[in-house]
Amino acid sequence: MLLSDITEAIVDCEHKTAPEGDGYAYSVGTKAMKGGRLVMTATKPVSAETYAGWTRRMRPKTGDLILAREAPVGDVVRVPEQPLVCLGQRTVLIRPDASKVHPRFLHYWLLGPDAQGVMRAQTGGATVGHLNVEDIRKLNVEPMPTDARHQANAAEILGAIDDLIENSRRRAEVLEDIARTVFREWFLKFRYPGHADVPLVDSALGPVPERWQILPASRAIIINPRIKLDKTVGHPFIAMGDLDEKSMGCRPSEVRSSGSGAKFERGDTLFARITPCLQNGKTGLVQTLAEGEVGLGSTEFIVLRGQLVGSAYTYCLAREDSFRGHAIASMSGASGRQRVRNECFDTYLIALPPQDLADKFESMLEPLFAEIAVLLNEVERLQALRDLLLPKLVTGQIDMSMLSPNELLGELAA
């Protein structure tokens, strides 16, 4: 049995880049597909006209699947209820036949070991893997469990875990948005508590509150602080891939005893210094280390540590477009591998608030950042559970035909 036997249609994308538009709909390319999850912030807004042209073969509907057939091969995401989406380059639209397969189970099965192994084999080990549409249509689905109850129960439990992951992610994003909004209001727009009683004075940055100092960022923030490393013990290592593009999350992925890269401690901000990582937004706040513990990281990190300001101020500043734009403008080196020059922070001016206001900001954001850390820990725990269950459920190693999702969860809890 082939994939084409259990689907209503498998439709290729347009072989050209969709022009950016006003956000009537969004183009889903391979960069917006991450471990089976659709990352809307990585999609491209398009116009109604572009949407019509890019969906002339078939208009995606809720529950359809989008599969990456190149760079990299094999990731699969579900079409959401909202907003409208169309196919980006190097993707394929798959419409499951609900009378033959549970649509959400098919999503998870395609992410499982059987399908991924076949797709990797079909690329022939090429440096840049590529699947033709015909290869996808002929994908062997014989190993897939066919019992309808098993498919429905497996999809329900994996879907519930994914929904919890997404909910925790969104809550963390909302809290971070709140923090960054407060930062802008207080320190960029100068609408902080009591601002009406403080006159504005002229400065190199324009009107700023009286008693606020104008100074380079490198005086308020230590750039790459010196840290002594004990090479007799292992240290948590954070790679560039461990940084998120839209949030502060950055969890160590391995342990190393030494290295020539960045060294950092709890509360430091990791700032990507190389293209395209900086442009893509990779920036993290170190929250997973114990007090006094030293972490190691990529050589392409710049470590920022608050000196006259706190860690929350430092992280929020590092997320600001003007700060990042200044760093990007300083880049030098070969095209495609340019790096930020540390001296650029000597020429980026900030308005330093009085100490009591800076301290008030840190105190207000401390519990908020702590809650974000709890949510991101929950995401990691749930992802580990999902990764453990997915291959067992989609291959039938755990038989859900006679076991309800609640019964399975009860066994796992026990």
### Selected residue (only one of Leu139, Leu131 is surrounded by 14 or more Cβ atoms within 10 Å (Cβ to Cβ), of a type in the set (A, V, I, L, M, F, W, C), touching a Ser or Thr at 6+ places or on another chain (Cβ under 7 Å) and assigned by TED's automatic domain parsing to the domain that holds Tyr108)
Leu131
### Query
Would you say Ile372 is modelled with pLDDT of 95 or more and touching a helix residue (DSSP H, G or I) at 6+ places or on another chain (Cβ under 7 Å)?
yes
### Message
So Arg104 ticks every box in (1) surrounded by fewer than 18 Cβ atoms within 10 Å (Cβ to Cβ); (2) among the charged types (D, E, K, R); (3) modelled with pLDDT of 95 or more but one. Which box is left unticked?
### Response
(1)
### Message
Please determine whether any residue of segment 372-383 is small (Gly, Ala, Ser), in a helix (DSSP H, G or I) and surrounded by fewer than 13 Cβ atoms within 10 Å (Cβ to Cβ).
### Response
no
### Query
Out of all the residues in segment 237-247, is one or more assigned to a loop (DSSP other than H, G, I, E, B), touching a Gly at 6+ places or on another chain (Cβ under 6 Å) and hydroxyl-bearing (Ser, Thr, Tyr)?
no
### Query
Does Cys250 qualify as being over 24 Å from Glu366 (Cα atoms) and within 16 Å of the chain's Cα centre (by Cα)?
no
#### Entry: Residue in segment 120-164 that is nearest to Arg90 (Cα to Cα), counting only those that are assigned to a helix (DSSP H, G or I), at pLDDT below 90 and not charged (D, E, K, R)
Gln122
### Summary
Considering only strands (runs of 3 or more DSSP E) wholly within segment 13-91, the ones with at least 1 residues that are buried (at least 21 other Cβ atoms within 10 Å of the Cβ), free of Cβ contacts under 8 Å to residues at least 60 places away in the same chain and touching a strand residue (DSSP E or B) at 6+ places or on another chain (Cβ under 6 Å) are 44-46, 65-69, 73-78
### Query
Can you tell me which residues in segment 217-228 are in contact with a strand residue (DSSP E or B) (Cβ under 6 Å, 6 or more places away or on another chain) and on the phi < 0 side of the Ramachandran plot?
Ala217, Ala220, Ile221, Ile222, Pro225, Ile227
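Residue-wise test of (1) closer than 26 Å to Ile227 by Cα; (2) touching a Leu at 6+ places or on another chain (Cβ under 6 Å); (3) not hydrophobic (A, V, I, L, M, F, W, C).
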position	(1), (2), (3)
Gln287	yes, no, yes
Leu296	yes, no, no
Glu320	no, no, yes
Gly333	no, no, yes
### Arg305 vs. criteria touching a helix residue (DSSP H, G or I) at 6+ places or on another chain (Cβ under 8 Å) and of a type in the set (Lys, Arg)
yes
### Task
All but one of (1) exposed (fewer than 14 other Cβ atoms within 10 Å of the Cβ); (2) in a helix (DSSP H, G or I) hold for Ser218, so report the exception by its number.
(1)
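The values are calculated or read from the model by the stated rules, or taken from the named source; none is laboratory data. Since this is a predicted model, take the numbers as computed values, not measurements. Glycine gets a Cβ as well: all are built from the backbone with ideal geometry, and neighbour counts include every protein chain shown.
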